[in-house]
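Asker: Here's a structure for you.
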Amino acid sequence: MGRSAMWGVMVLGLLVACKPLVPDDKSEDTNGSDDTSTSVDTPADTPADTPADTPADTPAQTTACDNPADLATLTNVGDDLSDTSASCTLQCVRSRDPAQCVSDCVAQATGLTEDCSDCFGEYSVCITRSCLRECAFDPLSPGCIQCRSTFCDPDFAVCAGVTPP
């Protein structure tokens, strides 16, 4: 019991110290540049390994949180999202599927869509599995920040379409 309680405190410290999410300005620019990437010059400049993956009928939205409802919720929730994520992570410590548990908890507490909250569940699990040693005592330490940016932030940004917490 002492071991899991200590783990919970470390995770709580890690998540509370993270700043709240804000929509990534690049995601708006990327959507604008996607419109110009359909020009005749762009496909000729790209390798032939992906033309079938990018048909003209494909919608521009490819990330879980990059939609008006989730972006509004992320803006409204603000600083409370760190507290919510920390609370959900602690509630889900002993869950068989912590990522799904955190996802469900975040969705219920914030109103984020299931797809968007799934990114939070995966991010929480990534940090606890990949960066616990570096982040346990100081989540803002250079080692923790480097670990998160190497192992967790890229996947979260791709999943959510917003900057990681």
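Asker: Right, Arg129: under 12 Å from the mean Cα position of the chain (by Cα), part of a helix (DSSP H, G or I) and under 23 Å from Thr63 (Cβ atoms) or not?
Answerer: Working: under 12 Å from the mean Cα position of the chain (by Cα): no; part of a helix (DSSP H, G or I): yes; under 23 Å from Thr63 (Cβ atoms): yes.
No; evaluated as a whole, the condition is false for this residue.
Asker: Ile145: β-branched (Val, Ile, Thr), over 19 Å from Ala72 (Cα atoms) and surrounded by 19 or more Cβ atoms within 10 Å (Cβ to Cβ), yes or no?
Answerer: no
Asker: So which pairs qualify, if the first residue must be in the stretch 79-93 and surrounded by 17 or more Cβ atoms within 10 Å (Cβ to Cβ), the second must be of a type in the set (D, E, K, R), the Cβ gap must be under 9 Å, and the two must be at least 6 apart or on different chains?
Answerer: Close Cβ pairs satisfying both conditions: Ser82/Lys19; Cys88/Asp104; Cys92/Asp104.
Asker: Now for a different question. Determine, yes or no, whether Thr163 is touching a strand residue (DSSP E or B) at 6+ places or on another chain (Cβ under 9 Å), in contact (Cβ under 8 Å) with a residue 24 or more places away in the chain and closer than 27 Å to Asn76 by Cβ. Show your work before the answer.
Answerer: Numbers: touching a strand residue (DSSP E or B) at 6+ places or on another chain (Cβ under 9 Å): yes; in contact (Cβ under 8 Å) with a residue 24 or more places away in the chain: yes; closer than 27 Å to Asn76 by Cβ: yes.
Yes: the conditions hold for Thr163.
Asker: Just a yes or no: is a residue in the stretch 123-136 β-branched (Val, Ile, Thr), out of contact with any Asp or Glu (no Cβ under 9 Å at 6 or more places or on another chain) and farther than 19 Å from Asp83 by Cα?
Answerer: No.
Asker: Are any of the residues in the stretch 112-123 among the β-branched types (Val, Ile, Thr), assigned to a helix (DSSP H, G or I) and within 19 Å of Ala160 (Cα to Cα)?
Answerer: Looking through the stretch 112-123, none of the residues is among the β-branched types (Val, Ile, Thr), assigned to a helix (DSSP H, G or I) and within 19 Å of Ala160 (Cα to Cα).
Asker: Across the stretch 84-121, what is the number of residues that are charged (D, E, K, R) and over 15 Å from the mean Cα position of the chain (by Cα)?
Answerer: Total satisfying the criteria: 3.
Every read-out reported here was derived from the displayed coordinates using simple, explicitly stated rules and does not represent laboratory data. On a predicted model such as this, the values are computed, not experimentally measured, just so you know. Here the Cβ is made from the backbone with ideal geometry for all residues, glycine too, and neighbour counts use every protein chain on show.
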